[in-house]
Amino acid sequence: MAQPAHDPSRHSYYVGDALYQELIADFDVVRRDDPTIQDLAERDVFRGLVEREARLLDRLQFKEWLQLYADECLYWVPSTPNGGDPRREIAVMFDDRRRLEDRVFRLATGFAWSQAPSSRTVRMVSNVEVFASENPDQRLVRSNFLIHEFWDDETRALAGWAGHRFRKFDGVWRISAKQVNLLVCDQCIRNPSIIL
Amino acid sequence: MTQMERVETVRPRNFGVSYDWDELVQEDRVHHLLYTDAAIFDAEMRHIFGGTWVYLAHESQIPNVDDYVTAKLGLRPLIMTRDSDGIIRALYNRCTHRGTTLCRFEKGNKRSFQCPYHGWNFLNNGKLRGVPWAEGYGENLTRDPKFNLAQVPRVESYRGFIFGTLNASAPPIGEHLGPIRKPIDEWLDRNPGGKVVVCEANRIKYKGNWKLAYDNSGDGYHVLYSHRSLLETENRFVDENTEKGMSYYRTAPDEQPMYMQYMGNGHHFKDKRPNLQPRNGGLWAIESLHPGMEHVEQKLRRQFGDRADALLDLAGSEPVNINVFPNLSLLGNHIQVFQPVSFEETDTIWYGTRIEDVDGTIGEDALNDINTLRMRTQEGFPNFGEVDDVTNFEQIQRGLRCQEDEWIYMNRGLGIPGRIHTLEDGTIKAPATDEMFMREYIKEWKRLMKAEPHLTIQREP
Ligand code: FES
Ligand SMILES: [Fe+2]
């Protein structure tokens, strides 16, 4: 995969109509009931990556977490169960590389009252399915998640499923896009300020 | 209201508790009971969310005949319909048989609603169409208006915003809005054709009283502190000459041209536009960083040249807070609705808005780009700003459990000569960080709580 022309941590030139179209099409794939890759070795590669991401988020290791993502990446939490079209609809979150880094920066300012103190989380990921692709450098992965989050005076469960689009850069799989489908995506959520 | 329609007067309720409202609401402070007392909340659902005009929905949510969307008037579940004759109605989502809600879906298109419990069927104008095994009743239920759905008797729109009240003697909505109409008009008229279309929403719940959100809606005092993480994030790349977002609060906010204005009937307005450069692109210049903004800006500048600035402003967040008592706030490009759940729980729904190319001068491609960017600018504040505010609202609710420490002060700006000005039209102007609007709206709240409103519901004949 080619290197970006602009530093995506500073400038957002890569988020345009072509990217949106590709994003919608790719995350349609993980909604289908097509057969998935049965090869355990291959499935384990992606299961390991998804588990690694969950662990880094639970540990609040955001710098390391960001390194799992491609330079030109997307993190998308739709506000409707079917994903919808983020060009016409507000999403719960729709972050490019720079805004993901904003998110991490904000949490580190010491003035992010919604995360002072930070939530404690444990994440369970399971039902990892890998979809076959014509492109040897791309894999779409679907997994279920359950996040137990303790914050303030309650422990709650945030459940849903995620789609990961992995792409290979210099032989390394990185997350090029992640779609987080919360069961409560269209409901009022108390303090929605952890990274999912 | 026609003669034929059936109007029922709502019986006054005795809550078993009486309050000395003048003791609880004073010139410079209010009592914590306004936020912590379940009986006061119960009374508010009648006197405020019943006794005055309340925002219910936007016409663009039900554009076609037979469209519906569910809504709430206080705690009352409603089905907002555009009935088969095109009339907008606020039906009680409550079966007249034994009371279950008829409609459990958020939106759709339906000519009639069949009760899931025993199958009574109602038209979308509220009339009972039929019941299963009708011969089991001694009369024809469809001929007796009391079996038609109750509905909000007064439903009126102002430029697409639908309001409702149970108060038979409320003035027409335009009159009730009064001077706040001007900023609403300006907020709409900056968009092509003076129109916006509601799309999906950011939705945030907090464990606190609904008035904490309304108190905050025009509060210029909290910005630098409550939103410090946001301001630091928005400005992590820029120097002091090109500050982004609300950074103008940093230095002497009360000496800047922005201002706060109380507009009567509980409505108020924070106008930050005078702080901007009065030119096309002035809004875009302070817009913080959003996904895809450089891409769209580059594309529009190539295509439209000088006109690109005005188009980019359409994706920018309009720097106003237009607060319509008790539950509507227009800010940036959002239509924010405050939805009380209990005395200590509130839902805030930040509906996004997009624009239409009404006169065909933007073109489909550019319209798509502007709207896409407009979605991204709108996601910024709820994610990076509002979460910190609602945390502070929750912590106010927590602090107020210290019940012997009774008072909440809203006295900023009070009693300083020459600081607050009453204008000819009766509106009141003050510097940006004053709590004047809180003192004024809570007077209106007190007036409504003292009054015994003439509340009615209505049914089709
Ligand atoms: S409760 Fe609706 S038909 Fe019985
Ligand atoms: Fe705020």
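The values are calculated or read from the model by the stated rules, or taken from the named source; none is laboratory data. Everything numeric in this text was worked out from a predicted model, so none of it was measured. FYI the Cβ positions are ideal-geometry reconstructions off the backbone, even for glycines, and counts take in every protein chain you see. Ligands, DNA and RNA are stripped out before the accessible areas are found, and what is left, the full protein with its side chains, is counted by its heavy atoms. Shrake-Rupley method; radii C 1.70, N 1.55, O 1.52, S 1.80 Å.
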*Test each condition in (1) closer than 29 Å to B:Ser229 by Cβ; (2) free of Cβ contacts under 8 Å to residues at least 60 places away in the same chain; (3) open to solvent by less than 40 Å² (accessible area, probe 1.4 Å) for B:Gly363 and report the one that comes out false.*
(1)
_Unique residue being farther than 19 Å from B:Val198 by Cβ and surrounded by fewer than 20 Cβ atoms within 10 Å (Cβ to Cβ) when the list is B:Asp66, B:Asp85_ = B:Asp85
*Looking only at segment B:103-114, which residues are within 29 Å of B:Tyr137 (Cα to Cα), assigned to a strand (DSSP E or B) and open to solvent by 40 Å² or more (accessible area, probe 1.4 Å)?*
B:Gln114
*State all residues of segment A:169-196 that are without any contact (Cβ under 8 Å) to a residue 24 or more places away in the chain and over 30 Å from B:Lys207 (Cβ atoms); if no residue qualifies, say none.*
A:Asp170, A:Gly171, A:Val172
*Would you pick out the residues in segment A:25-53 that are surrounded by fewer than 15 Cβ atoms within 10 Å (Cβ to Cβ) and closer than 30 Å to B:Lys299 by Cα?*
A:Ala25, A:Asp28
_So for segment B:65-75 (the condition being in a loop (DSSP other than H, G, I, E, B) and free of Cβ contacts under 8 Å to residues at least 60 places away in the same chain), does at least one residue qualify?_
yes
*Determine which single condition A:Ser118 fails, assuming it passes every other condition in (1) among the hydroxyl-bearing types (Ser, Thr, Tyr); (2) closer than 23 Å to A:Ala70 by Cα; (3) not in a strand (DSSP E or B).*
(2)
_Subset of segment B:196-215 (residues that are within 17 Å of the chain's Cα centre (by Cα) and of a type in the set (Lys, Arg))_ = B:Arg203, B:Lys205, B:Lys211
*Looking at A:Asn82, is it more than 8 Å from chain B (Cβ to nearest Cβ) and at pLDDT below 95?*
yes
*B:Lys146 passes all but one of (1) assigned to a helix (DSSP H, G or I); (2) surrounded by 15 or more Cβ atoms within 10 Å (Cβ to Cβ); which number fails?*
(2)
*asked:* The conditions are (1) away from chain B (no Cβ under 14 Å); (2) buried (at least 21 other Cβ atoms within 10 Å of the Cβ), and A:Ala132 fails exactly one of them. Which is it?
replied: (2)
*Would you point out the residue of segment B:392-414, among those that are in contact (Cβ under 8 Å) with a residue 12 or more places away in the chain and within 25 Å of A:Asn191 (Cα to Cα), that is farthest from the chain's Cα centre (by Cα)?*
B:Arg401
*Just wondering, is there one or more residues in segment B:294-307 that are closer than 30 Å to B:His32 by Cβ, over 20 Å from the mean Cα position of the chain (by Cα) and open to solvent by 30 Å² or more (accessible area, probe 1.4 Å)?*
no
*Would you mention how many residues in segment B:227-236 are within 12 Å of ligand 2 (Cβ to nearest atom) and surrounded by fewer than 21 Cβ atoms within 10 Å (Cβ to Cβ)?*
1
*So B:Glu106 fits all but one of (1) within 14 Å of chain A (Cβ to nearest Cβ); (2) within 14 Å of ligand 1 (Cβ to nearest atom); what number is the exception?*
(2)
_Hits in segment B:76-101 (condition: within 21 Å of the chain's Cα centre (by Cα), of a type in the set (Lys, Arg) and more than 19 Å from B:Arg6 (Cβ to Cβ))_ = B:Arg82
_A:Glu154, sole failed condition from (1) within 13 Å of chain B (Cβ to nearest Cβ); (2) in contact with a strand residue (DSSP E or B) (Cβ under 7 Å, 6 or more places away or on another chain)_ = (2)
*Determine whether segment A:99-109 contains at least one residue that is out of contact with any helix residue (DSSP H, G or I) (no Cβ under 8 Å at 6 or more places or on another chain), of a type in the set (Val, Ile, Thr), within 10 Å of another protein chain (Cβ to nearest Cβ) and not in a strand (DSSP E or B).*
no
*Being among the small types (Gly, Ala, Ser) and more than 10 Å from every other protein chain (Cβ to nearest Cβ) is the filter here, so list the residues in segment B:290-309 that pass it.*
B:Gly305, B:Ala308
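This table checks each residue for (1) crowded, with 19+ Cβ neighbours inside 10 Å; (2) of a type in the set (Asp, Glu).
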{"residue": "B:Lys182", "(1), (2)": "no, no"}
{"residue": "B:Gly193", "(1), (2)": "no, no"}
{"residue": "B:Val196", "(1), (2)": "yes, no"}
{"residue": "B:Arg203", "(1), (2)": "yes, no"}
{"residue": "B:Asp215", "(1), (2)": "yes, yes"}
{"residue": "B:Met258", "(1), (2)": "yes, no"}
{"residue": "B:Gln261", "(1), (2)": "yes, no"}
*Look through B:Asp405, B:Asp425, B:Asp369, B:Asp357 and report the one residue that is buried (at least 22 other Cβ atoms within 10 Å of the Cβ) and of a type outside the set (S, T, N, Q).*
B:Asp369
_Condition met for B:Pro274 (closer than 30 Å to B:His421 by Cβ and at pLDDT below 95)_ = yes
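Condition check ((1) assigned to a strand (DSSP E or B); (2) in contact with a Leu (Cβ under 7 Å, 6 or more places away or on another chain); (3) within 27 Å of B:Met45 (Cα to Cα); (4) open to solvent by 10 Å² or more (accessible area, probe 1.4 Å)) across all residues:
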residue: B:Leu56; (1), (2), (3), (4): yes, yes, yes, yes
residue: B:Pro77; (1), (2), (3), (4): yes, no, yes, yes
residue: B:Ala90; (1), (2), (3), (4): yes, yes, yes, no
residue: B:Cys95; (1), (2), (3), (4): no, yes, yes, no
residue: B:Thr101; (1), (2), (3), (4): no, no, yes, yes
residue: B:Pro116; (1), (2), (3), (4): no, no, no, yes
residue: B:Arg129; (1), (2), (3), (4): yes, yes, no, yes
residue: B:Glu135; (1), (2), (3), (4): no, no, no, yes
*asked:* Every residue in segment B:306-365 that is part of a helix (DSSP H, G or I) and closer than 30 Å to B:Tyr259 by Cβ, please.
replied: B:Asp309, B:Ala310, B:Leu311, B:Leu312, B:Asp313, B:Leu314, B:Ala315
*asked:* Need the failing condition index for B:Asn202 against (1) more than 30 Å from A:Leu182 (Cβ to Cβ); (2) within 14 Å of chain A (Cβ to nearest Cβ); (3) of a type in the set (S, T, N, Q), just the number.
replied: (1)
*Among the residues of segment B:137-187, how many are within 22 Å of B:Pro63 (Cβ to Cβ), touching a Leu at 6+ places or on another chain (Cβ under 7 Å) and polar (S, T, N, Q)?*
1
*Sort out which residues of segment B:118-127 are at positive phi and either within 12 Å of ligand 1 (Cβ to nearest atom) or open to solvent by 30 Å² or more (accessible area, probe 1.4 Å) (or both), and write them in order of number.*
B:Gly119
